[in-house]
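*Asks:* Can you keep this structure in mind? I'll have questions shortly.
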Amino acid sequence: MFGSGLGLFKRNKKSGPLVYLSEPTIIYHTQTEKVILEIIEEKLGSRNVILPSKYGLRSTSHMIKDAEIFVAVAIIGKFTSLVVREVKIAQDLGKRIHTLTIARKGNNVEYLFQEGIPADIEWLSPEETERLYEDFRGEEFSGFMKFFIGDRRRSW
């Protein structure tokens, strides 16, 4: 029993470069967020992530300056207005930026991790972000939202 607890402690120990994760609030506390953290660990060798969802809806943008690497999440090729604002801060600070695009392909959710910001990413305004969120909420009844980003009620 002690050994399994020790393994859990090691797995949760922070290590690697400090990474700031800029993600749409719609994926806070979902299975998708967990997968993103696994991708960051795999691709960047880091378990040392500033995760805005841990702070609720309070702004964490001031923490970008402390990060070595900035990861921006794009849902279906779009940066929400929050992510847009944080990307601009990271650019102004000269941070190393990566983009993680999440898209549904058939019955699968695919994750594409890229260095920099792909030219085809759409940068949404606050109004466009609200429309995107409304579209997701409208699809929730058919199960699309749960399939795409995961169910918040499920434990990881």
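*Asks:* Would you mind telling me which numbered condition in (1) over 15 Å from the mean Cα position of the chain (by Cα); (2) on the phi > 0 side of the Ramachandran plot Ile89 fails?
*Replies:* Unmet condition: (2).
*Asks:* If you don't mind, there's one more thing I want to ask. Going through Arg104, Arg137, Arg85, Arg96 one at a time, which residue ends up being out of contact with any strand residue (DSSP E or B) (no Cβ under 8 Å at 6 or more places or on another chain) and either hydrophobic (A, V, I, L, M, F, W, C) or surrounded by 12 or more Cβ atoms within 10 Å (Cβ to Cβ) (or both)? Don't jump to the end; show me each part of the working.
*Replies:* Numbers: Arg104 fails: out of contact with any strand residue (DSSP E or B) (no Cβ under 8 Å at 6 or more places or on another chain); Arg137 fails: either hydrophobic (A, V, I, L, M, F, W, C) or surrounded by 12 or more Cβ atoms within 10 Å (Cβ to Cβ) (or both); Arg96 fails: out of contact with any strand residue (DSSP E or B) (no Cβ under 8 Å at 6 or more places or on another chain).
Result of the check over Arg104, Arg137, Arg85, Arg96: Arg85.
*Asks:* How many residues does the stretch 39-56 contain that are over 11 Å from the mean Cα position of the chain (by Cα) and under 24 Å from Ala103 (Cβ atoms)? If you could, list the steps in order and put the result at the bottom.
*Replies:* Here is the first cut: in the stretch 39-56, the residues over 11 Å from the mean Cα position of the chain (by Cα) are 41-48, 54-56.
If we keep only those that are under 24 Å from Ala103 (Cβ atoms) too, we end up with 41-44, 46.
So the count comes out to 5.
*Asks:* Oh, and also: Scan the stretch 99-111 and give yes if some residue there is of a type in the set (Gly, Ala, Ser) and either within 14 Å of the chain's Cα centre (by Cα) or modelled with pLDDT of 95 or more (or both), otherwise no. If you could, list the steps in order and put the result at the bottom.
*Replies:* The initial filter retains those residues of the stretch 99-111 that are of a type in the set (Gly, Ala, Ser), namely 103, 106.
Add one more test, that the residue is either within 14 Å of the chain's Cα centre (by Cα) or modelled with pLDDT of 95 or more (or both), and what stays is 103.
Yes, the stretch 99-111 contains a residue that is of a type in the set (Gly, Ala, Ser) and either within 14 Å of the chain's Cα centre (by Cα) or modelled with pLDDT of 95 or more (or both).
*Asks:* Sticking with this one: Taking the residues in the stretch 1-56 that are modelled with pLDDT of 90 or more and among the basic types (Lys, Arg) as candidates, determine which candidate is farthest from Gly94 (Cα to Cα).
*Replies:* Going through the qualifying residues, I end up with Lys34.
*Asks:* If you go through the stretch 14-25 one residue at a time, do you hit one that is assigned to a helix (DSSP H, G or I), within 25 Å of Leu124 (Cα to Cα) and under 11 Å from the mean Cα position of the chain (by Cα)?
*Replies:* Going residue by residue through the stretch 14-25, those that are assigned to a helix (DSSP H, G or I) are 25.
Narrowing the set further to residues that are within 25 Å of Leu124 (Cα to Cα) leaves 25.
If we keep only those that are under 11 Å from the mean Cα position of the chain (by Cα) too, we end up with 25.
Checking the stretch 14-25: at least one residue is assigned to a helix (DSSP H, G or I), within 25 Å of Leu124 (Cα to Cα) and under 11 Å from the mean Cα position of the chain (by Cα).
*Asks:* Further question on the same structure: What about Ile64, is it touching a Phe, Trp or Tyr at 6+ places or on another chain (Cβ under 6 Å), at pLDDT 95 or above, part of a helix (DSSP H, G or I) and among the hydrophobic types (A, V, I, L, M, F, W, C)? Outline the logic, then answer.
*Replies:* Values: touching a Phe, Trp or Tyr at 6+ places or on another chain (Cβ under 6 Å): yes; at pLDDT 95 or above: yes; part of a helix (DSSP H, G or I): yes; among the hydrophobic types (A, V, I, L, M, F, W, C): yes.
Against the criterion (touching a Phe, Trp or Tyr at 6+ places or on another chain (Cβ under 6 Å), at pLDDT 95 or above, part of a helix (DSSP H, G or I) and among the hydrophobic types (A, V, I, L, M, F, W, C)), Ile64 qualifies.
*Asks:* Looking at Ala90, is it closer than 27 Å to Leu18 by Cβ, assigned to a helix (DSSP H, G or I), among the small types (Gly, Ala, Ser) and at pLDDT 95 or above?
*Replies:* Values: closer than 27 Å to Leu18 by Cβ: yes; assigned to a helix (DSSP H, G or I): yes; among the small types (Gly, Ala, Ser): yes; at pLDDT 95 or above: yes.
Against the criterion (closer than 27 Å to Leu18 by Cβ, assigned to a helix (DSSP H, G or I), among the small types (Gly, Ala, Ser) and at pLDDT 95 or above), Ala90 qualifies.
*Asks:* Under 9 Å between Cβ atoms, at least 6 apart or on separate chains: pull out the pairs that start in the stretch 94-115 with a residue that is outside any strand (DSSP E or B) and end on any residue that is exposed (fewer than 14 other Cβ atoms within 10 Å of the Cβ).
*Replies:* Close Cβ pairs (under 9 Å, with a partner that is exposed (fewer than 14 other Cβ atoms within 10 Å of the Cβ)) amount to Lys95/Lys65.
*Asks:* Please go through the stretch 52-80 and pick out each residue that is surrounded by fewer than 17 Cβ atoms within 10 Å (Cβ to Cβ), within 22 Å of Leu132 (Cβ to Cβ) and touching a residue at least 12 places away in the same chain (Cβ under 8 Å).
*Replies:* Selection gives Ser53, Leu57, Ser61, Ile76, Gly77.
*Asks:* Ok, one more. Taking the condition assigned to a helix (DSSP H, G or I), touching a residue at least 40 places away in the same chain (Cβ under 8 Å) and of a type outside the set (D, E, K, R), does Phe136 pass? Reasoning before the result, please.
*Replies:* Working: assigned to a helix (DSSP H, G or I): yes; touching a residue at least 40 places away in the same chain (Cβ under 8 Å): yes; of a type outside the set (D, E, K, R): yes.
Yes, satisfied.
*Asks:* Looking only at the stretch 26-57, count how many residues are touching a Ser or Thr at 6+ places or on another chain (Cβ under 7 Å), in a helix (DSSP H, G or I) and within 17 Å of Glu68 (Cα to Cα).
*Replies:* Result for the stretch 26-57: 2.
The values are calculated or read from the model by the stated rules, or taken from the named source; none is laboratory data. Only a predicted model underlies this, so the values are computations on that prediction, with no experimental measurement involved. So basically every Cβ, Gly included, is an ideal-geometry build from the backbone, and we count neighbours across all protein chains shown.
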